[in-house]
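Worksheet: one structure, shown below.
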Amino acid sequence: MSGLVNALVIVAVAALVIVRQFRASRIDTDRRWWLLPGILAVIALREPDLLGARHHTESALVLGAELVVALAMGAAWAWTTRIWVERDGAVWSKSTKASVAVWGAGIGLRAGLFGVGALLGIHQDSAVLMLGLAATLLVRSGILIWRVQSLNQAPAHAPAYGDHVPRSPWKERV
C-alpha cells in the first residue's frame, strides 16, 4: 500500500480506538481480539521500506525503540482501564483519566523517536507507526482479556490505576 493509504488507515484506526475508549463498551471474550492488531501488523510488515535502506542498523534500533514504547503504552493503557461486571454477567470497560496521560506520553515519546530518526537521516515510513499501533492494541487487548478472566475470582469492580478508590480511615492490624 502507499504511504497515504497507510496514513489514512492509521488515522482511522486511532480515531476509532480513541473515541471508543472513553465510552463504556462491552468486552466480549469470545471475539477474536487479536484480529485487528494482526491485520495491521501484516499490512505493516508487507511494506518493503520498513527499515531504511541506507541506515539499516540505526533504522532497526529506532524500530525496536518504537516497539518498546508501543508495548509499554499498550500495557499501561490496559492497566488504566476500568473494568466491571454487570448483574447479567456482561463485562464492561472504560478508560480513565490516567489513560489520557498514557496516550499523551506515548505520543510524545513516539514524536521524540521520529525526531531522533530524522536527525540521524533515517527514512521512516508510516509502516513503523502502523506496526507500533498493532503492538499497542495487541498488548492492551491481551491484558484486558486476562484481567476479565481474573474477574471471575475477584470482586465485581476491578479498579484501574488512577481511579479514586476510597480508603479505609483506619488500618487493620496484622
Treating the beta-carbon of each Lys and Arg as +1 and of each Asp and Glu as -1, no other charges, what is the dipole magnitude of region 19-119 about its Cα centre, to the nearest 20 debye? 400
Find the accessible area per residue for region 24-76; the probe is 1.4 Å, ligands and nucleic acids are left out, and the unit is Å². 64
Of all trypsin sites (Lys or Arg not before Pro) in region 32-82, the ones in DSSP coil with at most 11 other Cβ atoms within 10 Å are R32, R46, R54
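Taking all protein chains as present, what is the carbon and sulfur share of the accessible area of region 60-104, in % to the nearest whole number, probe 1.4 Å?
C and S fraction of accessible area: 69 percent.
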Rg and Dmax of region 82-147 over Cα atoms: what are they, in angstrom? 16.5, 56
Label points 7 Å out from Cα along the Cβ direction at R46 and V116: separation in nm? 3.1
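The values are calculated or read from the model by the stated rules, or taken from the named source; none is laboratory data. This one's a predicted model, so the numbers in the text were calculated from it and none came from an experiment. Heads up, the Cβs are rebuilt from the backbone with ideal geometry, glycines too, and the neighbour counts pull from every protein chain shown. Ligands, DNA and RNA are stripped out before the accessible areas are found, and what is left, the full protein with its side chains, is counted by its heavy atoms. Shrake-Rupley method; radii C 1.70, N 1.55, O 1.52, S 1.80 Å.
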